1. Counting only GluC sites (Glu not before Pro) that are in a DSSP loop and have at most 11 other C-beta atoms within 10 Å, tell me the longest site-free stretch of the chain.
2. Return the calculated 222 nm mean residue ellipticity for the chain, to the nearest 500 deg cm²/dmol, obtained by summing -39500 (n - 2.57) across DSSP H runs with n ≥ 4 and dividing by the residue count.
3. Any idea how far the Cα center of the range 49-64 sits from the one of the range 1-22, in Å?
4. Only Cα pairs under 8 Å and at least 6 apart count here; give the relative contact order of the range 13-69 as a rounded whole percent.
5. Given R₀ = 30 Å, what would the calculated FRET efficiency be for Ala89 paired with Thr7, taking r from the Cβ atoms and rounding to 0.05?
6. If you take every DSSP beta bridge whose two residues both sit in the chain, what share of them, in percent to the nearest 5, is antiparallel?
7. Counting other C-beta atoms within 10 Å, which of Leu8, Leu19 has the fewest, and how do the rest follow?
8. Give me the mean projected area, in nm² to one decimal, of the convex hull enclosing the Cα positions of the chain.
Amino acid sequence: MLIIAGTLHVDDDDRDRYLEAVADVARWARAAPGCLDFVQAADPIESGRINVFERWESDEDMHRFRTSGGPELDVPPILSADVHKYRIAAIEEP
């Protein structure tokens, strides 16, 4: 299993527009084979921060979705990103 997690930063005034522009991406991802979860959400504390969380069954599933095409999105520029892939070896109750 893979987890993709981290943060994107956009101009404070662009965050809502960015999230509106990518709203359908979560629907498409969640309908894709191997997608267990997918969200880009506004951070409740930092106004220009977007939290990213994805969970995939495999690299192949994630790459298939990411290379499947789709419409061009008119998104505001991302000023910085700190997003990483984590390979999960075991799952336990918290």
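1. Numbers: sites that count: Glu72, Glu92.
Longest stretch, sites excluded: 1-71.
2. On the way: 3 runs with 24 residues, N = 94.
Dividing the helical sum by the residues of the chain leaves -7000 deg cm²/dmol.
3. Taking the Cα centre of the range 1-22 as reference, the centre of the range 49-64 is 14 Å away.
4. Details: 65 pairs, mean separation 18.2, N = 57.
32 percent.
5. On the way: r = 24 Å, r/R0 = 0.81.
Efficiency computed from Cβ-Cβ geometry: 0.80.
6. Values: 23 of 23 bridges.
Approximately 100 percent, going by the DSSP bridge assignments.
7. Values: Leu8 21, Leu19 17.
With the sparsest Cβ surroundings first, the list reads Leu19, Leu8.
8. Numbers: hull surface 26.9 nm².
The directionally averaged projection comes out at 6.7 nm².
Throughout, read-outs are computed from the coordinates displayed, never taken from laboratory work. In this text, all values refer to a predicted model and were calculated from it rather than measured experimentally. For neighbour counting, all protein chains shown are included, and Cβ atoms are generated from backbone atoms with ideal geometry for every residue, glycine included.
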